[in-house]
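Here's the structure we're looking at; comments come further down.
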Amino acid sequence: MAQVEQALYTIGVFQDVPWAERGIDALKQQGFGTDVMTLLAKTTPEATALIERVLGSAPEQMELPVLGPTIARGSLIQALNGSARDLGRIGIAAAIRRAGFQPHDGLIYETLAARGGVLVAIAHAPRAADALAVLQSYGGGNAAIGAWSGRV
């Protein structure tokens with residue numbers, strides 16, 4: 001069976017938009033480009049403005065279990081959606097294995113985002129530890145690297 005190359009994601013959830021802005025600015029200062037970033041949050045005008053400002057285009061709108069109306073942009077969304085295109089049906093906790101995390105990680109990310117947090121994911125395997133350090137230093141809750149990438 002052929003091995004499919006998957007991105008290695010580093011994920012953290014900031015408590016709100018202002019905290020996410022500080023964390024994203026720090027990631028940019030450390031050389032992480034917006035092309036490796038994914039942002040996800042419950043639908044609010046502030047979160048929409050953040051995604052448009054940081055990633056340069058309007059976010060994708062979706063309805064997710066637990067979160068309800070949600071906006072997002074970035075490669076993590078395609079990874080979570082998978083070939084079944086079922087993220088809107090199964091939610092983050094069930095789909096997170098597709099990005100190399102365990103379901104309990106997805107449940108935590110889902111819970112933090114449901115409380116108004118902003119999920120920030122970085123897809124940059126060579127500098128995953130650097131991204132983790134920045135996320136943790138700037139308040140990214142439950143920041144972790146998807147260690148099981150390519151083996152799930």
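The values are calculated or read from the model by the stated rules, or taken from the named source; none is laboratory data. Because the structure is a prediction, the values reported are computed rather than measured. Cβ coordinates were reconstructed from backbone atoms using ideal geometry, including for glycine residues, and neighbour counts include every protein chain displayed.
Taking every residue in region 27-50 that is under 15 Å from Leu119 (Cβ atoms) and of a type in the set (Lys, Arg) and pairing it with any residue that is surrounded by fewer than 17 Cβ atoms within 10 Å (Cβ to Cβ) and modelled with pLDDT of 95 or more, at least 6 positions away or on another chain, yields no pair with a Cβ-Cβ distance below 6 Å.
Restricted to strands (runs of 3 or more DSSP E) entirely inside region 46-152, those with at least 1 residues that are under 18 Å from Trp19 (Cβ atoms) and modelled with pLDDT under 95 are 141-145.
Quick check on Pro69: is it surrounded by 21 or more Cβ atoms within 10 Å (Cβ to Cβ) and either more than 18 Å from Ala128 (Cβ to Cβ) or among the basic types (Lys, Arg) (or both)? Answer is no for this residue.
Kindly establish whether Pro103 is more than 23 Å from Gly139 (Cβ to Cβ), touching a helix residue (DSSP H, G or I) at 6+ places or on another chain (Cβ under 9 Å), without any contact (Cβ under 8 Å) to a residue 24 or more places away in the chain and not small (Gly, Ala, Ser). Spelling it out, Pro103 is indeed more than 23 Å from Gly139 (Cβ to Cβ), touching a helix residue (DSSP H, G or I) at 6+ places or on another chain (Cβ under 9 Å), without any contact (Cβ under 8 Å) to a residue 24 or more places away in the chain and not small (Gly, Ala, Ser).
Scanning region 109-139 for residues that are farther than 17 Å from Leu27 by Cα and crowded, with 19+ Cβ neighbours inside 10 Å gives Tyr109, Glu110, Leu112, Ala113, Gly117. Based on this model, can you work out whether Gln102 counts as of a type in the set (S, T, N, Q), under 18 Å from Gly146 (Cβ atoms) and over 13 Å from the mean Cα position of the chain (by Cα)? Answer is yes for this residue. Residues that are surrounded by fewer than 11 Cβ atoms within 10 Å (Cβ to Cβ) and modelled with pLDDT of 95 or more within region 1-34 comprise Gln29, Gly31, Gly33, listed in sequence order. Of all the criteria given as (1) surrounded by fewer than 23 Cβ atoms within 10 Å (Cβ to Cβ); (2) out of contact with any Phe, Trp or Tyr (no Cβ under 9 Å at 6 or more places or on another chain), the one not satisfied by Ala144 is (2).
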